[in-house]
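Here the structure is laid out as structure tokens; the discussion comes afterwards.
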Amino acid sequence: MVVEIVGIKGKLGRVTFGALDKLGMLGSRGSEPGFNTIDMAEAQLQLVEITELGTNEKESSIGQASGGTVGQIRKSPTRDYKWWIRTILYSIFLITGQSLATILGRLYFEKGGGSKWLATLAQIGGFPVVIPLYCFILCRKLVPDDDTGSDSPPLWMAFVKVYVPLGLLVAGSSFLFSVGLQYLPVSTVTLISASQLAFNAFFSYFLNSQKFTAAIINSLVLLTISSVLLVVNNHTDKPSGVSKAKYAAGFVCTVGGAALYGLLLASQQLAIRKVLKKQTLKVVFDVIIYQSLVASTAIVVGLFASGESKGLRKEMSEYSLGKVSYVMTLLWTAIGWQVFAIGTVGLIFEVSSLYSISVGTVGLPIVPVLAVFVFHDKMDGIKGMSMVLAIWGFVSYIYQHYLDHKKSKMENRIASEIGDEDCLHASDNRA
């Protein structure tokens, strides 16, 4: 049975009683005439797009050919198995690259490296390693043209509006992170970095209209507490030769780097969706390569301006693991951060910046545990509690995405059933 509904956004709509019952608008006797819950339709029918019919359109629709469109339904975007495969792959890239690069970054300072600018350049200067893959994808036409990108700006405008600001944010965040690695244990740096999720949520709320649910708020609170706990433990695990002033500077710089990184990811999401306006894999590599080019240029200028470039030859010769290990440490640090960058931007492209930064927290159990064996970092009760809270916060955020996925599937199924019933009714009228 079909009922006409008048007054939804001032237009005439049509929906079946069975669909209303599925949407929870009717009571246990919703299929009987005389029910009084039609007023609830305006709120509930946001799940589907009711076919809008004017009086004249309705009269003429009966005589239309069978190929006419009756009852078009707008479905929510579904996430198929390919989306899950891409998301899992990007997550593996992010976690693996982050863990490898963070350990090697601390190893550089631990074994005699002392240039913060060079350590920063290693974080972002490895982007040429992804250029062959980028060219391969373009030559094999694995990135098809997307109609949604027809309004995307030319390269020079994208450089000014997107890549230069993002590149400067990358340079600033990476430099502050290098200072933290020089003065703090790597486990402490990793756990403090979990606070970047809270910073990203804050910036995403204003830049990307990020919605906050109970699960997301719970995740943010847990991750914030996880970082705050480390303040209590701030003087019990200083590396040898590091003064209290340098330790405090490292702590402040790491927090500042986390804040800039949170702003960076929120800005990347805004740029991809509002400025670049393309939903292709090419955008992922464009953002990685061009922002890294800008950031590397800024860091190279800082390296020579600071005078640290003059002592690099001596630093390499005095490196405790040897010259070859010196070069290989920096090389694999650069490669690790590029793998991390691919995973990060890929997750922003597929989901959101907040999700991308949340996945990074799953690496928390990896880096501190490795640091215990590689650098003999202390893993006391405070750090253990901080790690547990960080993992709990990540799981809470993942649970929210599971709920969103489940809701999307339900909406699509309901929309499909409404469309089938509406088309069946139209066929009966034509008969």
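When the residues 174, 240, 416 are ordered by accessible surface, computed with a 1.4 Å probe over the protein chains alone, the sequence from largest down reads 240, 416, 174. One decimal place: the segment residue 133-residue 273 gains 48.0 nm when fully extended, by the rule 0.36 nm per residue minus the C-alpha distance. Among 370-378, 175-183, sorting by the average number of other beta carbon atoms lying within 10 angstrom of each residue, highest first, gives 175-183, 370-378.
Provide the net charge surrounding residue 321, with neighbours chosen by a C-beta distance below 13 Å and charges set as Lys +1, Arg +1, Asp -1, Glu -1. Cβ neighbours under 13 Å give a net charge of -1. Taking the accessible area of region 257-348, probe 1.4 Å, and keeping the other protein chains in place, the carbon and sulfur fraction comes to 67%.
Positive-end ranking of 181, 162, 197 along the dipole of region 153-306, with charges on Cβ about the Cα centre, is headed by 162.
Which pairs, out of 211/278; 211/406; 116/314, put more than 19 Å between their alpha-carbon atoms? The pairs that break the limit, which is 19 Å between Cα atoms, are 211/278. Spin-label model, residue 213 to residue 318: label points 7 Å out along the Cα-to-beta-carbon direction sit 5.5 nm apart. The GluC sites (Glu not before Pro) of region 296-328 that meet both conditions, a loop assignment by DSSP and at most 15 other Cβ atoms within 10 Å of the site Cβ, are 318.
The values are calculated or read from the model by the stated rules, or taken from the named source; none is laboratory data. Note that the structure is predicted; figures quoted are calculated from it, not measured. Here the Cβ is made from the backbone with ideal geometry for all residues, glycine too, and neighbour counts use every protein chain on show. Heavy atoms of the whole protein, side chains included, go into the accessibility calculation; ligands, DNA and RNA do not. Shrake-Rupley method; radii C 1.70, N 1.55, O 1.52, S 1.80 Å.
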